[in-house]
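Visitor: Quick one: the structure is below, questions incoming.
The values are calculated or read from the model by the stated rules, or taken from the named source; none is laboratory data. Note that the coordinates shown come from a computational prediction; the quantities given were computed from them, not determined experimentally. Counting neighbours? That spans all protein chains shown, and the Cβs are built from the backbone with ideal geometry, glycine included.
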């Protein structure tokens, strides 16, 4: 390669790096651009040195160099600010910008390759150049340039009309019903901007998801962080692989981001959970933050100073904050004895071990009757000083059986002792809206409720009670605390004797209630006979997290939370002993036998043919 061609290639590369890699760093970008321009001009001057010896050939080479350099003007014209100066409609401006961006590499290639071919011919024959050789060099350079240029529109058409067949285990998550409900309930337009280069494999995975999600109030567009550095900087996008949700304009503009990765291998894990990430971002940007209160002062489960993970609900607090809810405390010292604050979207009561003041119960009842929502998690007594407040459960129209339900058939092994029988799980759900997702996935969704107690509807209460979750058939209430199923009455630890034996099955553990409220509203309540179900130790179980989110959605009458969120996971191939045996004998005996049989038949056929002739 001759000196002019080398200078031009290095100069073009310098400008390319300035725009693609250092567009957000002016201290590096502009020196690289100036260096690139200087080297390009140097290439022209170096080639002009042969003007006297070969004026026509030199003029031709310089002309193609200048044509290639004009791609820089096209690049400037393709910038968003340049297109915006024309005052075109948004769709027309986008089409023009895409067209100009596509011309940039085409013009560079069509100008540079013929120039390199002519330059190489002039350098190889400095004293004389045969016209035929020069013609061949020019035609060869143009042929290669036009051939390469054809790849750009072909690649574009292939991308736009791409059809993919994925036979692997990896699958990008689909749009869930919760996310679609969140989009359908949007009150203001949302822009979704996908920051990926056009050739990104990750973009090909996420674009169909957002095209499926797009609607009247949600539009989707693609930007390249390196090609739109100013806009990326305004939205705090540091690199490609970022999805930005934009609401409003100017001073009222709000944004939320979801970070993936531009590398498909690194992005696989996040792509499987894309739907839940998108749902969280939509809820944050589209909804006003609402406040939920947790009662304190009655030894409830709490997120501070907990003795262990079974009494710590910090994870539940984080889940609620992820749903764009503000979490606050509410006790006698902060006004619970007077009234529940007007901004309360819901009140949580999580495992109280001390009685509420009558004034506090009255405040909760008044809040309910105004159309409020209560989420009550009771907890069986774990010590002689613990008291389960019946007045609290009665707010949801139920009574609470203050005895733990046990199982000797299926339970979690936590300590290795008989007390593990209290760590039970169930998949017996009703079809109620608050547990629809769990009911549909009951075969895989087991709700864990350590030390859960039973509930029963009261005879005289306002509203309607619906049982939504029951225990497994083998569960029994441990009346004497010995962790054994006693069909006949047995002495308890304190020497007293139960009047009846223990029985299995028929235990209800969770319900919901609703009734008319002031102003034509409806109050709602949910109650469950366990509080540790939402502790850090147990909420990691997916069924528990789904119950929390979907019940909150039902209580707050938010359809975006009661539907399903899609989550794709790798499916492990399970081989049974019979299946393994089939594969073993099939590959070890059957296949070789078939090959041998085929060979024997072939040889016999040839022999028969030979004998006949």
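Visitor: Scan the range 128-135 and tell me whether some residue there is modelled with pLDDT of 80 or more, out of contact with any strand residue (DSSP E or B) (no Cβ under 7 Å at 6 or more places or on another chain) and assigned to a helix (DSSP H, G or I). Steps first, answer last, please.
Guide: Of all residues in the range 128-135, those modelled with pLDDT of 80 or more come to 135.
If we keep only those that are out of contact with any strand residue (DSSP E or B) (no Cβ under 7 Å at 6 or more places or on another chain) too, we end up with 135.
Restricting the remaining residues to those that are assigned to a helix (DSSP H, G or I) gives 135.
Looking for residues that are modelled with pLDDT of 80 or more, out of contact with any strand residue (DSSP E or B) (no Cβ under 7 Å at 6 or more places or on another chain) and assigned to a helix (DSSP H, G or I), one finds at least one in the range 128-135, hence yes.
Visitor: From the residues in the range 231-282 that are touching a strand residue (DSSP E or B) at 6+ places or on another chain (Cβ under 7 Å), without any contact (Cβ under 8 Å) to a residue 40 or more places away in the chain and surrounded by 13 or more Cβ atoms within 10 Å (Cβ to Cβ), which one is farthest from residue 175 (Cα to Cα)?
Guide: Checking each candidate, the answer is 254.
Visitor: Separate question: Quick check on residue 138: is it crowded, with 20+ Cβ neighbours inside 10 Å, farther than 24 Å from residue 33 by Cα and touching a helix residue (DSSP H, G or I) at 6+ places or on another chain (Cβ under 7 Å)?
Guide: Working: crowded, with 20+ Cβ neighbours inside 10 Å: no; farther than 24 Å from residue 33 by Cα: yes; touching a helix residue (DSSP H, G or I) at 6+ places or on another chain (Cβ under 7 Å): yes.
No; evaluated as a whole, the condition is false for this residue.
Listed here are the residues, each with its yes/no results for (1) under 38 Å from the mean Cα position of the chain (by Cα); (2) assigned to a loop (DSSP other than H, G, I, E, B); (3) modelled with pLDDT of 95 or more; (4) within 30 Å of residue 554 (Cα to Cα).
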| position | (1), (2), (3), (4) |
| --- | --- |
| 434 | yes, no, no, yes |
| 445 | yes, yes, no, yes |
| 473 | yes, yes, no, yes |
| 487 | no, yes, no, no |
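Visitor: Follow-up. Check off (1) in contact (Cβ under 8 Å) with a residue 40 or more places away in the chain; (2) outside the structural domain of residue 351 (by TED's automatic domain parsing) for residue 292 and give me the number that stays unchecked.
Guide: Result: residue 292 fails condition (2) only.
Visitor: Could you list all residues from the range 285-305 that are modelled with pLDDT under 85 and in contact with a helix residue (DSSP H, G or I) (Cβ under 8 Å, 6 or more places away or on another chain)?
Guide: The answer is 286, and nothing else.
Visitor: Take residue 407 and decide whether it is under 27 Å from residue 472 (Cβ atoms), surrounded by fewer than 15 Cβ atoms within 10 Å (Cβ to Cβ) and assigned by TED's automatic domain parsing to the domain that holds residue 534. Even if it seems obvious, please write down each step before you answer.
Guide: Numbers: under 27 Å from residue 472 (Cβ atoms): yes; surrounded by fewer than 15 Cβ atoms within 10 Å (Cβ to Cβ): no; assigned by TED's automatic domain parsing to the domain that holds residue 534: yes.
It is false that residue 407 is under 27 Å from residue 472 (Cβ atoms), surrounded by fewer than 15 Cβ atoms within 10 Å (Cβ to Cβ) and assigned by TED's automatic domain parsing to the domain that holds residue 534.
Visitor: Specify which of the listed residues (389, 385) is buried (at least 17 other Cβ atoms within 10 Å of the Cβ), at pLDDT below 90 and in the same structural domain as residue 515 (by TED's automatic domain parsing).
Guide: On the way: 385 fails: buried (at least 17 other Cβ atoms within 10 Å of the Cβ).
Within the list 389, 385, the selection yields 389.
Visitor: Would you mind stating whether residue 322 is over 30 Å from the mean Cα position of the chain (by Cα) and in the same structural domain as residue 482 (by TED's automatic domain parsing)? Break it down stepwise before answering.
Guide: Working: over 30 Å from the mean Cα position of the chain (by Cα): no; in the same structural domain as residue 482 (by TED's automatic domain parsing): yes.
No, not satisfied.
Visitor: Identify, from the list 527, 546, the residue that is assigned by TED's automatic domain parsing to the domain that holds residue 450, within 21 Å of the chain's Cα centre (by Cα) and modelled with pLDDT of 90 or more.
Guide: On the way: 527 fails: within 21 Å of the chain's Cα centre (by Cα).
Going through 527, 546 in turn, just one is assigned by TED's automatic domain parsing to the domain that holds residue 450, within 21 Å of the chain's Cα centre (by Cα) and modelled with pLDDT of 90 or more: 546.
Visitor: Could you tell me which residue of the range 451-461 is modelled with the lowest pLDDT, considering only residues that are assigned to a loop (DSSP other than H, G, I, E, B) and under 41 Å from the mean Cα position of the chain (by Cα)? Break it down into steps so the answer makes sense when it comes.
Guide: We begin by selecting, within the range 451-461, every residue assigned to a loop (DSSP other than H, G, I, E, B); these are 451-453, 458-461.
After this cut, where a residue has to be under 41 Å from the mean Cα position of the chain (by Cα) as well, the list is 451-453.
On the way: 451: 89, 452: 93, 453: 92.
Taking the candidates together, the pick is 451.
Visitor: All but one of (1) in contact with a helix residue (DSSP H, G or I) (Cβ under 6 Å, 6 or more places away or on another chain); (2) not in a helix (DSSP H, G or I) hold for residue 537; which doesn't?
Guide: Condition (1) is where residue 537 drops out.
Visitor: Can you find a residue in the range 394-412 that is without any contact (Cβ under 8 Å) to a residue 24 or more places away in the chain and part of a helix (DSSP H, G or I)? I'd like the intermediate steps shown before the answer.
Guide: Here is the first cut: in the range 394-412, the residues without any contact (Cβ under 8 Å) to a residue 24 or more places away in the chain are 411.
From what's left, part of a helix (DSSP H, G or I): none.
Taking every residue of the range 394-412 in turn, none turns out to be without any contact (Cβ under 8 Å) to a residue 24 or more places away in the chain and part of a helix (DSSP H, G or I).
Visitor: Still on this model: Taking the criterion of being part of a loop (DSSP other than H, G, I, E, B), touching a residue at least 40 places away in the same chain (Cβ under 8 Å) and surrounded by 15 or more Cβ atoms within 10 Å (Cβ to Cβ), would at least one residue in the range 323-331 satisfy it? Reasoning before the result, please.
Guide: Initial filter on the range 323-331 (part of a loop (DSSP other than H, G, I, E, B)): 323-324, 331.
Subset that is touching a residue at least 40 places away in the same chain (Cβ under 8 Å): 323-324.
This time we only want the ones that are surrounded by 15 or more Cβ atoms within 10 Å (Cβ to Cβ), so: 323-324.
Within the range 323-331, one or more residues are part of a loop (DSSP other than H, G, I, E, B), touching a residue at least 40 places away in the same chain (Cβ under 8 Å) and surrounded by 15 or more Cβ atoms within 10 Å (Cβ to Cβ).
Visitor: Residue under question is residue 188, and the condition is that it be exposed (fewer than 14 other Cβ atoms within 10 Å of the Cβ), outside the structural domain of residue 76 (by TED's automatic domain parsing) and touching a helix residue (DSSP H, G or I) at 6+ places or on another chain (Cβ under 8 Å); does it hold? Lay out the reasoning, then the answer.
Guide: Values: exposed (fewer than 14 other Cβ atoms within 10 Å of the Cβ): yes; outside the structural domain of residue 76 (by TED's automatic domain parsing): yes; touching a helix residue (DSSP H, G or I) at 6+ places or on another chain (Cβ under 8 Å): yes.
Judged against the criteria, residue 188 is a match.
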